[in-house]
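Worksheet for the structure shown next.
The values are calculated or read from the model by the stated rules, or taken from the named source; none is laboratory data. This is a predicted model, so every value here is computed, not measured. Cβ: placed from backbone, ideal geometry, glycine included. Neighbour counts: every protein chain shown.
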Amino acid sequence: MFNLREFLESTGQPAWSQLQNYTINHTLPAVLITGILFSAGEFAVAEASDRAIPVHAALYAEHVEYAYYVEHVEYAEYAPQGEDEPETAYGYAEAQAHEYYYAEAKPVAAYTPSQPVPHRVMYLTFDDGPTRTVTPLILDILAERDIRATFFVVGRNVRANPEIMQRIVDEGHTVAVHSYSHDYAEIYASLEAFVHDFTVTRSIIAEFTGYYSDLYRFPGGSVTRFNANVRDDAIDFLESIGVVYFDWNASIDDSIDNRRTAKQLLERGLETARGDSVIMLAHDTRMVTAEMMAEMIDIFAKDFVFDVLTTDVTPAQMPRR
């Protein structure tokens, strides 16, 4: 005999008593049928790559219609993210995160390469792209040095620059989820809003890569006052579907103050790169970042090997308060 409770639990759905507390504009048969279609769609995309990881069977009952939604959503309402935009709440959030994360770090005057140590690894990560003017320059620099990096992309910028996104994929870089809008008020309005933003962006990435990315970076970092109300539930959600979230343990601080020069960004990158596993935060949205990136990579190449993030890498994660 069919047992609804066991079915929901086996697919990761909230228990029936919880479902009654959600506002769901579907009849039960519609939810079940749509859920089956959604799972079939995920499997089809998963088959496209050996790295495929199917999306969780139910991101929440009211989100099972995304398999259809992501193909028909009106993206025109979002304007492409600006480049060299003035300092915003984003910069404030990152500054707040840096102050918290580096509280125990002692500043140094400059980076002094040690003797090459094979196990020292640097993971270059670029957030918020792709952009028309900066991302191609970053890709050129990486290609010249045969280096792969990890790009935490913004969905609306992918939609605005599909050819650049395709180049990122074609050149072997790893693509990870950052958000669709990078709008804190939208993303962190509720857990449902967070799941919505994550799911749409992940599906866009799958269109280009053939797999569902299992890497995520919170806009602004995982610990900020902007996501305090949903942070724990959002992390639980990501963990429940096998997604690993990454903060950073080094940064060039290129999003905090757009008045900083290439020299200042380089100095900050050299100051914060410590330890044997460095996850370096940068953004492929500022021209000044491209201006200093080649020099920074060449300096670090004396002491590090470069690699891409995977779920096997120990993530840098800000302590949860």
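This table checks each residue for (1) in the same structural domain as Asp128 (by TED's automatic domain parsing); (2) at pLDDT 95 or above; (3) β-branched (Val, Ile, Thr).
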{"residue": "Leu265", "(1), (2), (3)": "yes, yes, no"}
{"residue": "Met280", "(1), (2), (3)": "yes, yes, no"}
{"residue": "Val288", "(1), (2), (3)": "yes, yes, yes"}
{"residue": "Phe300", "(1), (2), (3)": "yes, yes, no"}
{"residue": "Val313", "(1), (2), (3)": "no, yes, yes"}
{"residue": "Arg321", "(1), (2), (3)": "no, no, no"}
Worksheet item: From the set of residues in the range 195-240 that are part of a loop (DSSP other than H, G, I, E, B) and in contact with a Gly (Cβ under 8 Å, 6 or more places away or on another chain), which is nearest to Gly129 (Cα to Cα)?
Response: Asp214
Worksheet item: Any idea which residue in the range 159-183 is nearest to Arg132 (Cα to Cα), counting only those that are among the β-branched types (Val, Ile, Thr) and surrounded by fewer than 24 Cβ atoms within 10 Å (Cβ to Cβ)?
Response: Ile164
Worksheet item: Of Met292, Met296, Met280, which residue is touching a Gly at 6+ places or on another chain (Cβ under 7 Å), part of a helix (DSSP H, G or I) and buried (at least 17 other Cβ atoms within 10 Å of the Cβ)?
Response: Met296
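Results for (1) over 17 Å from His178 (Cβ atoms); (2) in contact with a Cys (Cβ under 8 Å, 6 or more places away or on another chain); (3) aliphatic (A, V, I, L, M), shown as yes or no for each residue.
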| site | (1), (2), (3) |
| --- | --- |
| Val230 | no, no, yes |
| Trp248 | no, no, no |
| Asp257 | yes, no, no |
| Lys263 | yes, no, no |
| Leu281 | no, no, yes |
| Glu291 | yes, no, no |
| Ile299 | yes, no, yes |
| Met318 | no, no, yes |
